[in-house]
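Engineer: Dumping the structure here so I can ask a few things about it.
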Amino acid sequence: MFQQMQPGSHTATVSLRETYGKALVALGKQDKNIVVLDADLSPSTMTCFFAQEFPDRFFDCGLAEQNMISIAAGLAACGKTVFASTFAVFAACRCFDQVRICLSQTGLNVKVVATHGGITVGEDGMSHQAIEDLSLYCALPGFTVIVPADARETAEAVKAAASTRGPFYIRLSRIKSPIIYPEGYAFTVGKAITLREGKDVAILATGIMVFKALEAAEALAGHGINCRVLDVHTIKPLDEETVVKAAAETGAIVVAEEHLAQGGLGSRVAQVLARTKPVPVEFINLGDRYALSGQAEELLREYSLTAMDIERAAKIVAKRK
Amino acid sequence: METSAQKANQFDLSVPQLEQMSKKLRRYVINMIATARSGHPGGSLSAADIVTALYFKILKHDPRNPQWEERDRFILSKGHAAPILYAALAECGYFPVEELSTLRKLGSRLQGHTDRTFTPGVEMSAGSLGMGLSCAIGFALAAMLDNHKYRTYVLLGDGECDEGQVWEAALSAFQFKLDNLVAIVDYNQIQLSGKTQNIMCLAPFAKKWQAFGWHTIEIDGHDFDQIISALQETRAMKGKPSMIVAHTIKGKGVSFMENNVAFHGKPPSPEETDKALKELE
């Protein structure tokens with residue numbers, strides 16, 4: 001379905017946060033059981049749309065993320081479907097113990113939807129750049145962890161989270177993202193999407209790196225390297241079957257993510273392949289360091305998270321076969 | 001179920017009966033912790049009278065229907081006092097009293113700290129301190145949203161109030177005007193490594209809660225008349241949450257455990273167990 005996708009033809013960029021806010025309103029209309037919490041960031045996380053539409057079902061917990069997560073658990077224990085939003089740095093780091101005890105250990109029906117994930121939050125600098133959140137949430141038993149690649153995937157992920165019981169972590173970017181998917185495409189939690197077929201190398205990407213992977217694949221095709229591109233939107237549970245199939249059929253993998261080297265998609269893919277289908281793997285990520293203040297695109301270049309970096313990694317891994 | 005339509009606590013014990021019941025529950029606590037050879041006797045014993053009053057006089061609940069929607073909710077935020085909650089739940093009939101001897105053993109439904117996924121009647125998991133008041137706010141908000149009449153009660157430890165989250169919750173319960181929420185602090189003035197005044201002074205404790213906008217009542221947490229009248233008084237409160245600062249004695253009821261820091265998290269020896277059980281006859 002997506003095999004003929006040409007990244008150059010998809011120039012429209014849409015805000016994932018705005019899409020999230022609107023998706024929440026739509027869900028709120030269908031289901032009065034949905035309750036939304038925020039921690040004084042609703043104009044940025046875009047839960048403000050829900051707050052305006054359903055003031056009775058929106059609670060601003062103030063700058064108190066620990067409190068927010070435990071309140072969410074209490075509401076969920078009484079049968080509510082709870083969305084709790086803040087920036088990804090706070091959602092992952094400020095209230096990790098509350099997430100562990102109140103959500104992971106209970107399995108309660110709370111969806112932590114965090115915006116401003118990754119380094120593309122930009123100028124605010126390292127305190128605000130969530131680059132360890134995927135590792136932390138993937139470490140928690142029972143959590144489903146999703147990083148949508150575009151606005152349409154954001155809407156699908158939010159809908160799927162609302163209709164699937166149990167705790168979710170969804171990471172969204174601050175920046176707008178190019179549209180990859182057509183409306184009404186098939187999204188399934190835990191099922192990676194093959195965006196482009198190829199036999200030489202498979203690029204496994206998540207979040208904003210998916211579009212860059214498509215750009216890299218296009219460029220590589222010009223060099224005679226045919227890349228498969230997978231959108232691994234669900235990092236946990238990982239779609240092991242599709243990952244292993246890609247390794248078996250291409251024999252070389254590149255994993256691209258806007259995250260530290262440890263504990264994110266790269267670590268999880270490597271673990272699966274080490275056990276089932278060891279092939280050469282190259283990793284595009286931030287390594288083991290914090291990033292500085294700067295504009296989003298500048299930072300992606302500075303920290304080697306561009307389509308060209310993926311292209312280079314694909315060439316290297318193809319030679320390692 | 002017909003019992004679920006109840007308007008009041010189905011046990012409705014008198015004060016002398018409550019005094020007998022709390023002694024019985026204290027005996028369970030000693031036996032459980034002695035059998036498990038681990039656990040926290042001090043904070044279970046200081047909370048025993050409060051928990052007894054709640055389950056046998058105040059809470060609308062139905063042990064035969066633990067998920068009854070209109071039940072009052074009780075959250076034990078100081079999760080290490082799990083033995084006193086388990087004792088009360090078993091005595092009410094949520095699970096067999098015989099099961100109490102499985103506390104902390106592999107495969108038991110009675111985990112070391114409270115866990116809502118294992119134990120009938122346990123409303124919320126706890127163990128890492130400071131979270132229960134926030135969880136209780138979630139229960140109280142849900143009641144408000146659904147127009148339910150049930151009330152939410154939460155018991156905190158005093159040492160637990162060192163945790164910043166407690167004060168985040170204190171702010172928000174006032175903000176949300178939760179008059180269906182009652183918090184009780186087991187103010188025994190001893191925490192794990194010493195007296196609260198030496199570790200982290202809470203005084204003037206009641207005044208702090210007043211300053212946060214809570215209707216605040218100070219009582220002797222071992223006097224059933226005071227416990228009951230304070231809990232009943234909170235029902236009349238409109239527009240703000242209630243806090244009952246219950247002055248208690250850590251290890252209450254067992255002479256050598258009373259005000260003894262050592263019995264925060266230490267089980268009694270076999271000889272100490274015999275002595276404790278005699279004192280609680």
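The values are calculated or read from the model by the stated rules, or taken from the named source; none is laboratory data. This one's a predicted model, so the numbers in the text were calculated from it and none came from an experiment. Every residue, glycine among them, receives a Cβ derived from its backbone with ideal geometry; neighbour counts consider all protein chains shown.
Engineer: Inside segment B:62-81, can you point out the residues that are more than 14 Å from every other protein chain (Cβ to nearest Cβ) and surrounded by 23 or more Cβ atoms within 10 Å (Cβ to Cβ)?
Structural biologist: If the condition is that a residue be more than 14 Å from every other protein chain (Cβ to nearest Cβ) and surrounded by 23 or more Cβ atoms within 10 Å (Cβ to Cβ), then B:A81 is the only one that fits.
Engineer: Looking at segment A:148-171, is at least one residue on the phi < 0 side of the Ramachandran plot and within 14 Å of chain B (Cβ to nearest Cβ)?
Structural biologist: Among the residues of segment A:148-171, at least one is on the phi < 0 side of the Ramachandran plot and within 14 Å of chain B (Cβ to nearest Cβ), which makes the answer yes.
Residues checked against (1) among the acidic types (D, E); (2) touching a residue at least 40 places away in the same chain (Cβ under 8 Å):
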{"site": "A:G251", "(1), (2)": "no, yes"}
{"site": "A:V254", "(1), (2)": "no, yes"}
{"site": "A:G263", "(1), (2)": "no, yes"}
{"site": "A:S267", "(1), (2)": "no, yes"}
{"site": "A:Q271", "(1), (2)": "no, no"}
{"site": "A:P280", "(1), (2)": "no, yes"}
{"site": "A:D288", "(1), (2)": "yes, no"}
{"site": "A:Q295", "(1), (2)": "no, yes"}
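So that you can scan it fast, the table gives a plain yes or no per residue for (1) at the interface with another protein chain (Cβ under 9 Å from one of its Cβ atoms); (2) of a type in the set (F, W, Y); (3) within 30 Å of B:I249 (Cβ to Cβ):
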{"residue": "B:V154", "(1), (2), (3)": "no, no, yes"}
{"residue": "B:D162", "(1), (2), (3)": "no, no, yes"}
{"residue": "B:Q165", "(1), (2), (3)": "yes, no, yes"}
{"residue": "B:Q175", "(1), (2), (3)": "yes, no, no"}
{"residue": "B:D179", "(1), (2), (3)": "no, no, no"}
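Engineer: Is it the case that segment B:232-241 has a residue that's of a type outside the set (V, I, T), more than 17 Å from B:K78 (Cβ to Cβ) and touching a helix residue (DSSP H, G or I) at 6+ places or on another chain (Cβ under 7 Å)?
Structural biologist: Yes.
Engineer: Ok, one more. Using beta carbons and a limit of 7 Å, which pairs, at least six apart or on different chains, have the first residue in segment B:225-244 and surrounded by 23 or more Cβ atoms within 10 Å (Cβ to Cβ) and of a type in the set (S, T, Y) and the second one at pLDDT 95 or above and outside any strand (DSSP E or B)?
Structural biologist: Listed by first residue and then by second, the contacts come to B:S242/B:W214; B:S242/B:T234.
Engineer: Could I ask something else about it? Mind counting the residues in segment B:110-142 that are touching a residue at least 40 places away in the same chain (Cβ under 8 Å), closer than 20 Å to B:P41 by Cβ and surrounded by fewer than 24 Cβ atoms within 10 Å (Cβ to Cβ)?
Structural biologist: 3
Engineer: While we're looking at this one, here's another question. When only residues in segment A:207-241 that are charged (D, E, K, R) and within 13 Å of the chain's Cα centre (by Cα) count, which is farthest from A:E197 (Cα to Cα)?
Structural biologist: Top of the filtered list is A:K236.
Engineer: Look at B:A183 and say whether it is in contact (Cβ under 8 Å) with a residue 60 or more places away in the chain and either among the polar types (S, T, N, Q) or within 14 Å of chain A (Cβ to nearest Cβ) (or both).
Structural biologist: It is true that B:A183 is in contact (Cβ under 8 Å) with a residue 60 or more places away in the chain and either among the polar types (S, T, N, Q) or within 14 Å of chain A (Cβ to nearest Cβ) (or both).
Engineer: Among the residues of segment A:212-245, write down those that are closer than 18 Å to A:V147 by Cβ, touching a Leu at 6+ places or on another chain (Cβ under 7 Å) and not acidic (D, E).
Structural biologist: A:L214, A:V229, A:L230, A:V232, A:I235, A:T242, A:V243
Engineer: Right, here's the next one. Test A:G62 against the criterion of being surrounded by fewer than 24 Cβ atoms within 10 Å (Cβ to Cβ), within 14 Å of chain B (Cβ to nearest Cβ) and within 21 Å of B:R73 (Cα to Cα), and give yes or no.
Structural biologist: no
Engineer: Something else now. Conditions first: (1) away from chain B (no Cβ under 14 Å); (2) outside any strand (DSSP E or B); (3) within 26 Å of A:K22 (Cβ to Cβ); (4) in contact (Cβ under 8 Å) with a residue 24 or more places away in the chain. A:S127 passes all but one, so which condition is the exception?
Structural biologist: (3)
Engineer: Go through (1) hydroxyl-bearing (S, T, Y); (2) touching a Pro at 6+ places or on another chain (Cβ under 9 Å); (3) within 14 Å of another protein chain (Cβ to nearest Cβ) and name the single condition A:T81 misses.
Structural biologist: That leaves (2) as the condition not met.
Engineer: Working only within segment B:87-109, note down all residues that are of a type in the set (A, V, I, L, M, F, W, C) and touching a residue at least 40 places away in the same chain (Cβ under 8 Å).
Structural biologist: Across segment B:87-109, the qualifying residues are B:A87, B:A88, B:A90, B:C92, B:V97, B:L100, B:L103.
Engineer: Still on this structure, please answer the following. Based on what the data block shows, is A:A92 assigned to a helix (DSSP H, G or I), under 14 Å from the mean Cα position of the chain (by Cα) and among the hydrophobic types (A, V, I, L, M, F, W, C)?
Structural biologist: When the stated conditions are applied, A:A92 passes them.
Engineer: For segment A:43-59, check the following and say yes or no: at least one residue is assigned to a helix (DSSP H, G or I) and within 11 Å of chain B (Cβ to nearest Cβ).
Structural biologist: yes
Engineer: Looking at A:F87, A:F96, A:F49, can you tell me which residue is without any contact (Cβ under 8 Å) to a residue 40 or more places away in the chain and not assigned by TED's automatic domain parsing to the domain that holds A:A291?
Structural biologist: The match here is A:F49.
Engineer: Sticking with this structure for a sec: Quick check on segment A:178-204: of everything there that is over 23 Å from A:L260 (Cα atoms) and among the small types (G, A, S), which residue is modelled with the highest pLDDT?
Structural biologist: Residue satisfying both the conditions and the ranking: A:G198.
Engineer: Which members of segment A:167-187 meet the condition of being among the hydroxyl-bearing types (S, T, Y) and outside any loop (DSSP other than H, G, I, E, B)?
Structural biologist: Within segment A:167-187, A:Y169, A:S177 meet the criteria.
Engineer: Residues being surrounded by fewer than 22 Cβ atoms within 10 Å (Cβ to Cβ) and either in contact with a helix residue (DSSP H, G or I) (Cβ under 7 Å, 6 or more places away or on another chain) or of a type in the set (K, R) (or both): count how many of those fall in segment A:128-142.
Structural biologist: Qualifying residue count for the region: 7.
Engineer: Right, another one. Look through segment A:305-321, keep the residues that are in a helix (DSSP H, G or I) and in contact with a strand residue (DSSP E or B) (Cβ under 7 Å, 6 or more places away or on another chain), and return whichever of them is nearest to A:G207 (Cα to Cα).
Structural biologist: Out of the qualifying residues, it is A:I310.
Engineer: A follow-up question, please. If I ask for residues that are more than 13 Å from the chain's Cα centre (by Cα), in a loop (DSSP other than H, G, I, E, B) and more than 7 Å from chain A (Cβ to nearest Cβ), which ones from segment B:123-140 would you list?
Structural biologist: Once the filter is applied, which keeps residues that are more than 13 Å from the chain's Cα centre (by Cα), in a loop (DSSP other than H, G, I, E, B) and more than 7 Å from chain A (Cβ to nearest Cβ), segment B:123-140 yields B:L129, B:G130.
Engineer: When segment A:81-96 is examined, which residues are found to be closer than 19 Å to B:S172 by Cα and crowded, with 24+ Cβ neighbours inside 10 Å?
Structural biologist: A:V82, A:F83, A:A84, A:S85, A:T86, A:A91, A:C95
Engineer: Hey, can you tell me all the residues within segment B:176-214 that are in a helix (DSSP H, G or I) and either closer than 18 Å to B:M131 by Cβ or among the aromatic types (F, W, Y) (or both)?
Structural biologist: Those that are in a helix (DSSP H, G or I) and either closer than 18 Å to B:M131 by Cβ or among the aromatic types (F, W, Y) (or both): B:F205, B:W209.
Engineer: Failed condition for A:A149, given (1) surrounded by fewer than 22 Cβ atoms within 10 Å (Cβ to Cβ); (2) touching a helix residue (DSSP H, G or I) at 6+ places or on another chain (Cβ under 8 Å); (3) not assigned by TED's automatic domain parsing to the domain that holds A:K315, with all others met?
Structural biologist: (1)
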